[in-house]
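Below is one structure, written out as structure tokens; comments come after it.
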Amino acid sequence: MRQLPEADMLIVFIGPPGAGKGTQSKRLLQYLNIPHLSTGEMLRHAKRERSAVGQMVAECIDAGRLVPDSLVIGLVSEKLEEPAYSHGCLLDGFPRTVAQARAFDEFLGKSGRQLDVAIELAADEEILVQRMLKRAKVEGRDDDTPKTIHERMRVFRSETSPVLQYYRQRGVLASIDALGSPDEVFGRIQAVVDARQQSSCSRGATG
Ligand code: AP5
Ligand code: MG
């Protein structure tokens, strides 16, 4: 795969459960050479801790509900302050509520950074449910049960889809079709990212 030089891009992946955020993150990280921040992975790690917070996180994840905004915002802000994340990052699964998106904007504003693009991975729910049920047999993720998948989808529609509108209004949303082979989907993501990089380069050249 062609690899671009290190780019200071700040990108968010938003999409329903099973849309391919994790799968496509791996490819995009390699392409852009930026670090990855997956709140799902961070929280699954926290879930394993034998603490009151770990217990609370486990209850939320296993029920398919969101972990409280304050906890997630705290974890993400702490991580983004680390030097490794100061030159761009791909966020997978964050922000997931409008409150998280606002807090993220505030955080970026304070550190003089801005989001380059929020990429929506859009796909038909029924197909995604089938993907996750298939994954359940191979990987055994605790939240890949039919009941929890249903709740995760409901939460996406009610809590996370308003974030799409939030970014659309700010002119940073790009929606791509997340159906097709992983290579086909990545091609669409690459086109979005390349176009953003070109437009920021030409802005830099003219201004
Ligand atoms: P999170 O870990 O973010 O899970 P999710 O959003 O439910 O999404 P998944 O990880 O299941 O799917 P994905 O989009 O990454 O797809 P993947 O590439 O794996 O969150 C889990 C929980 O943590 C939440 O429910 C919540 O409790 C908590 N949480 C996380 N973030 C939070 C936040 N910000 N605030 C509050 N709470 C938070 O692909 C899925 C499957 O499909 C795989 O088997 C893959 O191999 C396959 N696949 C991928 N692409 C394709 C393709 N093109 N064709 C065929 N199969 C494909
Ligand atoms: Mg994932």
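A few comments on the model shown:
- The set of residues from the stretch 30-39 being more than 23 Å from ILE73 (Cβ to Cβ) and in a helix (DSSP H, G or I) comprises GLN30, TYR31, LEU32.
- Residue count for the stretch 70-99 satisfying the condition of being touching a Ser or Thr at 6+ places or on another chain (Cβ under 9 Å) and surrounded by fewer than 15 Cβ atoms within 10 Å (Cβ to Cβ): 2.
- For the stretch 46-69, a residue qualifies if it is out of contact with any Ser or Thr (no Cβ under 9 Å at 6 or more places or on another chain) and within 13 Å of ligand 2 (Cβ to nearest atom), but none of them does.
- Test: residue in the stretch 116-133 that is free of Cβ contacts under 8 Å to residues at least 24 places away in the same chain, within 18 Å of the chain's Cα centre (by Cα) and closer than 16 Å to ALA19 by Cβ: no
- Whichever residue in the stretch 138-152 is within 19 Å of PRO182 (Cβ to Cβ) and part of a helix (DSSP H, G or I) and, among such residues, is farthest from ligand 2 (Cβ to nearest atom): VAL138
- The set of residues from the stretch 162-186 being within 13 Å of ligand 1 (Cβ to nearest atom), surrounded by 14 or more Cβ atoms within 10 Å (Cβ to Cβ) and either aromatic (Phe, Trp, Tyr) or not in a loop (DSSP other than H, G, I, E, B) (or both) comprises VAL163, ILE176, VAL185, PHE186.
- Count of the stretch 65-102 residues which are more than 11 Å from ligand 1 (Cβ to nearest atom) and of a type outside the set (Phe, Trp, Tyr): 16
- Residue within the stretch 48-65 that is part of a loop (DSSP other than H, G, I, E, B), touching a residue at least 60 places away in the same chain (Cβ under 8 Å) and not charged (D, E, K, R) present: yes
- For ARG157, the conditions (1) surrounded by 18 or more Cβ atoms within 10 Å (Cβ to Cβ); (2) in contact with a Pro (Cβ under 9 Å, 6 or more places away or on another chain) all hold with the exception of (1).
- With respect to being among the basic types (Lys, Arg), without any contact (Cβ under 8 Å) to a residue 60 or more places away in the chain and over 23 Å from LEU66 (Cβ atoms), ARG188 fits the description.
- Listed conditions (1) more than 10 Å from ligand 1 (Cβ to nearest atom); (2) within 21 Å of VAL117 (Cβ to Cβ) are all met by ILE14, apart from (1).
- Once the stretch 28-45 is narrowed to residues that are within 13 Å of ligand 2 (Cβ to nearest atom) and polar (S, T, N, Q), the residue that is surrounded by the most Cβ atoms within 10 Å (Cβ to Cβ) is THR39.
Values in this text are rule-based calculations from the coordinates and carry no lab data. Note that the structure is predicted; figures quoted are calculated from it, not measured. For neighbour counting, all protein chains shown are included, and Cβ atoms are generated from backbone atoms with ideal geometry for every residue, glycine included.
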